[in-house]
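Worksheet: one structure, shown below.
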Amino acid sequence: MQGLPEPESAVQINALLSCGEKKRRTPTRIKEKRRTVSLLLHHLKKVRTKTPAGNEVLFDSNGDAPPLHDFFQWQMTSEDTSRFLKLGTFDANGSKGQKFIFNSSAIKWGGRFRKVPVSICSESCVPGYRKSALEGRPRCCFECVPCSEGSITNQTGSSDCMKCPHDHWSSESRDRCIPKSFTFLSYQDVLGLTLALISIFLFLNASCVFGVFVFYRDTPVVRANNRGISYILLVSLMLCFLCAMNFIGRPKKLTCMLRQIIFGIIFSMCVSCVLAKTITVVIAFRATNPKSNLKKFLGPKVAYAIILTCTLIQVTIGVAWLTTSPSFPEHITSPAMKEIILGCNEGSIVWFYSMLAFMGLLASVSFIVSFLARNLPDSFNETRFITFSMLVFVSVWLSFIPAYLSTKGKYLVAVEIFAILASSVGLLFCIFAPKVFIIFLRPDRNTRNYLMSKSKGNVKSK
């Protein structure tokens with residue numbers, strides 16, 4: 001036997017083994033016996049020998065024999081006989097990769113199984129799904145339910161989904177949180193680009209009408225309808241079409257502060273021009289009586305005073321808004337939203353609606369005055385077109401308020417841009433389209449004699 005202890009140790013072992021239980025157990029003898037056992041274990045750890053079958057026997061540092069196992073399976077053969085088939089071995093002393101050798105293909109599973117049976121009722125849920133217990137079934141039986149939007153599972157067999165942070169959203173597979181995207185009405189967006197192109201197109205149309213009025217400034221149709229006010233109104237409409245562009249793009253501090261105020265001032269100038277036109281026409285008709293006191297109000301000064309006064313009131317509202325509670329950019333998000341909305345907080349909603357209310361007041365007064373003066377002679381029949389243009393204007397902005405309150409994000413901005421463009425188109429088309437039609441297609445009506453004859457004819461008929 002290899003690794004046997006030295007003779008002295010052997011004597012000690014023999015003495016230990018021959019130590020009778022009948023001898024008196026004195027403290028010295030007990031202490032000596034413990035020392036002998038410790039020495040015995042020390043030498044046993046060095047023992048290395050082989051069995052008659054050729055297997056090596058040895059002990060590890062703890063005095064335990066390393067395991068050596070064979071794996072067998074009892075199998076039935078086709079002749080209805082049984083056999084033990086060796087499937088593999090485990091040898092703790094084997095070299096790396098050779099300690100465990102197993103032939104899994106040799107296993108025969110009973111019954112209907114052709115592969116390793118699963119010991120649970122349901123397969124584990126993959127990431128993105130959570131377990132949902134089945135009523136009346138064991139706990140190991142469940143169904144896999146996908147996580148809801150904004151929540152994920154990133155481990156197999158999860159029982160609950162976890163919410164993503166407020167600035168993140170779940171991926172399509174619900175297995176990870178990704179940063180939320182920013183959304184606003186941009187020029188790269190189809191909606192934003194379409195509105196921008198429409199604004200530019202309408203600005204060019206208004207510019208062409210302005211050019212026509214300047215070129216034909218000495219014709220009766222242009223002169224009879226307050227030429228100076230028409231110029232101011234056309235320039236204001238051109239600016240209205242351009243100010244819609246301020247609402248497109250990433251919100252910034254300066255654009256948020258100024259875009260509503262600029263829009264309010266320009267629109268107030270437009271509507272005040274319409275009001276000045278209407279009042280001028282009414283005064284001109286009422287002042288035909290030589291004894292009328294309204295003659296002193298004839299001339300452009302009254303019209304310009306109306307335009308300047310109404311515009312200054314709106315400027316005052318805008319300055320007060322800027323100094324007290326101006327608009328500012330903000331990020332709008334919540335755990336239930338998959339995007340972060342970039343928009344402008346109006347600051348004081350009171351000033352915002354005050355601006356709209358003042359424009360509505362101007363439009364209402366213009367509509368009432370023009371409606372009452374709709375039956376003036378044909379040479380002054382611009383009031384009929386003003387009536388219709390103000391009707392369009394008021395209808396658009398009355399529809400805008402509920403739409404503004406019920407939308408958010410880029411669609412809220414798009415609604416306001418649409419209201420700006422629609423009301424501006426109403427003014428441009430209703431007031432100036434008939435005049436452009438006469439200038440180009442009916443030049444026979446663009447004469448002083450024609451206008452005077454129509455005016456006299458209407459006066460006699462009345």
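The values are calculated or read from the model by the stated rules, or taken from the named source; none is laboratory data. Worth saying up front: this structure is predicted, and the values here are computed from it rather than measured. A quick note on method: Cβ atoms are made from the backbone with ideal geometry, for glycine too, and the neighbour counts reach across all protein chains shown. Accessible surface is based on the protein model in full, side chains and every heavy atom, while ligands, DNA and RNA are left aside. Shrake-Rupley method; radii C 1.70, N 1.55, O 1.52, S 1.80 Å.
Round to a whole number: what % of the accessible area of segment 299-388 belongs to carbon and sulfur, probe 1.4 Å?
Numbers: 3250 of 4450 Å².
Of all accessible area on segment 299-388, carbon and sulfur atoms account for 73 percent.
Amide H to amide H distances under 5 Å link residue 187 with 249, where only residues 5 or more positions off or on other chains count and H is placed in the peptide plane.
For segment 185-223, applying the loop criterion from DSSP together with a ceiling of 14 other beta carbons within 10 Å to the chymotrypsin sites (Phe, Trp or Tyr not before Pro) yields 187.
Put a dot 7 Å past each Cα toward the Cβ at residue 208 and residue 172; how far apart are the dots in nm? Taking the two extended label points, one gets 4.5 nm. In this structure, the amide hydrogen of residue 182, modeled 1.01 Å from its nitrogen in the peptide plane, lies closer than 5 angstrom to those of 340, counting only residues at least 5 positions away or on a different chain. Converting phi to 3J(HN,Hα) with the Karplus coefficients 6.51, -1.76 and 1.60 and the offset θ = phi - 60°, segment 353-366 yields 6, 5, 4, 5, 5, 5, 5, x, 5, 4, 5, 5, 5, 4 Hz in sequence order, with x at every glycine or proline. According to the square roots a ≥ b ≥ c of the eigenvalues of the Cα gyration tensor, what is the shape class of segment 143-197, taking rounded for a/c under 1.5, prolate for a/b larger than b/c otherwise, and oblate for the remainder? It is prolate, given that a/c is not under 1.5 and a/b is the larger ratio. Normalised per residue, the accessible area of segment 208-289 is 38 Å², obtained with a 1.4 Å probe and no contribution from ligands, DNA or RNA.
Estimate the FRET efficiency between residue 148 and residue 104 by the formula 1/(1 + (r/R0)^6), using the beta-carbon distance for r and 41 Å for R0, to the nearest 0.05. That gives a FRET efficiency of 0.50.
Between amide H atoms placed 1.01 Å from N, distances below 5 Å from residue 142 occur with 122, all of them 5 or more places distant or on a separate chain.
Considering only protein heavy atoms and a 1.4 Å probe, what is the carbon-and-sulfur percentage of the accessible area of segment 80-213? Let's see the in-between values first.
Working: 5130 of 9120 Å².
Heavy-atom surface of segment 80-213 belonging to carbon and sulfur, 1.4 Å probe: 56 percent.
Taking all protein chains into account, the per residue accessible area for segment 326-427 stands at 45 Å² (1.4 Å probe).
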